[in-house]
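Peer 1: One structure is given below, represented as structure tokens, and several questions about it will come after.
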Amino acid sequence: MTLSATSEPAPAAAHAGAGKLPRVTPIDAPLGCVVDQIDLSQMPSAEAAGVIREAFLEHRLIVFPQQKLHEAALVQVSHLFGEPVVHHVGEYLDADFPQIMRLSNNTVDGKPLGAPNNGIYWHSDQIFREQPMLATLLYGVETPARTGGDTLFSDMYAAFEALSEEMQARLLPLKAVHSFVASYERNYIRARKLSAQEKADNPDVTHPVVRTHPETGRKSLFVDPDSVTRILGVSDEESAELLTFLFAHIEDARFVYRHAWQQGDLAVWDNRCLMHCATSYDDSSEIRLMFRTQTQGDRPF
Ligand code: SIN
């Protein structure tokens, strides 16, 4: 699937502010832009949606500051970036809008309000699927004021392009094995253990170590320390050596932007060419509540 406005009917013509286009300002970092002068609680016009999609492909990460989004609006805006996919960990889904997964350290009546501390590893969302996610949308409902909870993003185009020609040529024919079970056990084991049937239903998948973006045609590194278990077609030693090298390379500061959340920020990123990583905060003194959606991608090639 390419990035396009999708099936959900969008009341585009009726929105307030028709004719005024959002403003795109690159962030002073290896990736990312801020898009403001737009209220996403109403569906953008076709022209504004075009500006947003262009910014998404060019900058890979968009931050829309100062949004006031209820759940229905977040689901609606997700359709600008593809078809929303319900997350496989059902414990943290919104009861009325299952496309939304909640991330939080907060509890209500002793029950977690959302997934606590997930994603504290470099990863590309659901890379362990045959068709990993295209975009992820993360909305800051309540964000830590003092102690972190930032999200790191790393540019996998730049990470690939920074490699020597020799290393690029070595990686281009390789494929890596990605494990749903390994990723689940890192992130969600507190929700519950996987059953034998769930493990059988989610077998390992293989993807190219270097993928080609289906819309821009650019090449990017596509291995993450969250789910990759080995590189195929090389010895165990060579696989381990390459993965150690690549996992250090993808978090090199030259490729990384750190987003410090403000309440009301909506961040949208392209999993086809970025990796991201949540960071910790003092969850004994601060609350973090994020609403998250994700959209369907293609099979990487
Ligand atoms: C995620 O990995 O999907 C969430 C990242 C975050 O909470 O900062």
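Peer 1: Looking at the stretch 48-80, which of its residues are closer than 19 Å to GLU142 by Cβ and part of a strand (DSSP E or B)?
Peer 2: VAL63, PHE64
Peer 1: Sticking with this one: Show the residue pairs meeting these rules: Cβ distance below 8 Å; 6+ apart or different chains; first residue within the stretch 252-273 and within 14 Å of LEU138 (Cα to Cα) and more than 15 Å from the ligand (Cβ to nearest atom); second residue basic (Lys, Arg) and open to solvent by 10 Å² or more (accessible area, probe 1.4 Å).
Peer 2: Here the result reads GLY264/LYS68, each pair linking the stretch 252-273 to a residue that is basic (Lys, Arg) and open to solvent by 10 Å² or more (accessible area, probe 1.4 Å).
Peer 1: Against the definition (of a type outside the set (Val, Ile, Thr) and in a helix (DSSP H, G or I)), how does ALA158 come out, yes or no?
Peer 2: yes
Peer 1: Can you tell me which residue is least open to solvent (accessible area, probe 1.4 Å) among those in the stretch 274-294 that are touching a residue at least 24 places away in the same chain (Cβ under 8 Å) and more than 13 Å from the ligand (Cβ to nearest atom)?
Peer 2: The first filter runs over the stretch 274-294 and keeps only residues touching a residue at least 24 places away in the same chain (Cβ under 8 Å), leaving 274-283, 285-294.
This time we only want the ones that are more than 13 Å from the ligand (Cβ to nearest atom), so: 282, 285-287.
Values: ASP282: 59, SER285: 64, GLU286: 15, ILE287: 53 Å².
Within the stretch 274-294, the match that is least open to solvent (accessible area, probe 1.4 Å) is GLU286.
Here is a yes/no grid of residues against (1) under 23 Å from ARG186 (Cα atoms); (2) over 20 Å from the mean Cα position of the chain (by Cα); (3) of a type outside the set (Gly, Ala, Ser):
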{"site": "LEU232", "(1), (2), (3)": "yes, yes, yes"}
{"site": "TYR257", "(1), (2), (3)": "no, no, yes"}
{"site": "ALA260", "(1), (2), (3)": "no, no, no"}
{"site": "GLY264", "(1), (2), (3)": "no, no, no"}
{"site": "ASP270", "(1), (2), (3)": "yes, no, yes"}
{"site": "THR279", "(1), (2), (3)": "yes, no, yes"}
{"site": "ASP298", "(1), (2), (3)": "no, no, yes"}
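Peer 1: Still on this structure: Just one of ALA196, ALA176 is farther than 24 Å from ALA267 by Cβ, more than 11 Å from the ligand (Cβ to nearest atom) and open to solvent by 20 Å² or more (accessible area, probe 1.4 Å); which is it?
Peer 2: Working: ALA176 fails: open to solvent by 20 Å² or more (accessible area, probe 1.4 Å).
Unique residue meeting the criteria: ALA196.
Peer 1: Taking the condition of being assigned to a loop (DSSP other than H, G, I, E, B) and free of Cβ contacts under 8 Å to residues at least 60 places away in the same chain, how many residues in the stretch 161-172 meet it? Give the steps one after another, and end with the answer.
Peer 2: Residues of the stretch 161-172 assigned to a loop (DSSP other than H, G, I, E, B): 162-164, 172.
This time we only want the ones that are free of Cβ contacts under 8 Å to residues at least 60 places away in the same chain, so: 164, 172.
Within the stretch 161-172, residues that are assigned to a loop (DSSP other than H, G, I, E, B) and free of Cβ contacts under 8 Å to residues at least 60 places away in the same chain number 2.
Peer 1: From the list GLN99, GLN66, which one is open to solvent by 20 Å² or more (accessible area, probe 1.4 Å) and under 16 Å from the mean Cα position of the chain (by Cα)? Outline the logic, then answer.
Peer 2: Numbers: GLN66 fails: under 16 Å from the mean Cα position of the chain (by Cα).
Only one candidate passes the filter, namely GLN99.
Peer 1: Assuming GLY32 fulfils every condition listed in (1) touching a Pro at 6+ places or on another chain (Cβ under 9 Å); (2) open to solvent by less than 30 Å² (accessible area, probe 1.4 Å); (3) more than 24 Å from PRO144 (Cα to Cα) apart from one, which condition is it?
Peer 2: It fails just one condition, (3).
Peer 1: Follow-up question, since we're still on this one. Checking SER104 against (1) under 28 Å from GLU251 (Cα atoms); (2) open to solvent by 30 Å² or more (accessible area, probe 1.4 Å): exactly one of these is not met. Which one?
Peer 2: Only one criterion is unmet by SER104, namely (2).
Peer 1: Further, regarding this structure: Mind checking whether some residue in the stretch 200-222 is open to solvent by 10 Å² or more (accessible area, probe 1.4 Å) and part of a helix (DSSP H, G or I)?
Peer 2: yes
Peer 1: Against the definition (within 25 Å of GLN294 (Cα to Cα) and open to solvent by 10 Å² or more (accessible area, probe 1.4 Å)), how does ALA159 come out, yes or no?
Peer 2: When the stated conditions are applied, ALA159 does not pass them.
Peer 1: Do you know which residues across the stretch 223-268 are assigned to a loop (DSSP other than H, G, I, E, B), open to solvent by less than 60 Å² (accessible area, probe 1.4 Å), at pLDDT 95 or above and over 20 Å from ARG60 (Cβ atoms)?
Peer 2: VAL234, SER235, GLY264
Peer 1: Search the stretch 130-150 for residues that are open to solvent by less than 20 Å² (accessible area, probe 1.4 Å) and within 10 Å of the ligand (Cβ to nearest atom) and pair each with any residue that is assigned to a loop (DSSP other than H, G, I, E, B) and hydrophobic (A, V, I, L, M, F, W, C) when their beta-carbon atoms are under 8 Å apart and the residues are at least 6 apart or on different chains.
Peer 2: MET133/VAL85; GLY140/TRP261; GLY149/TRP261
Peer 1: Go through the residues of the stretch 235-245 one by one and say whether even a single one is touching a residue at least 24 places away in the same chain (Cβ under 8 Å), aliphatic (A, V, I, L, M) and either touching a Lys or Arg at 6+ places or on another chain (Cβ under 6 Å) or within 16 Å of the ligand (Cβ to nearest atom) (or both).
Peer 2: No.
The values are calculated or read from the model by the stated rules, or taken from the named source; none is laboratory data. Remember, it's a predicted structure, so these values are computed and weren't measured experimentally. All Cβ positions, glycine included, derive from the backbone under ideal geometry; neighbour counts span all protein chains shown. When the accessible area is computed, the model is the full protein with side chains, heavy atoms only, and any ligands, DNA or RNA have been set aside. Shrake-Rupley method; radii C 1.70, N 1.55, O 1.52, S 1.80 Å.
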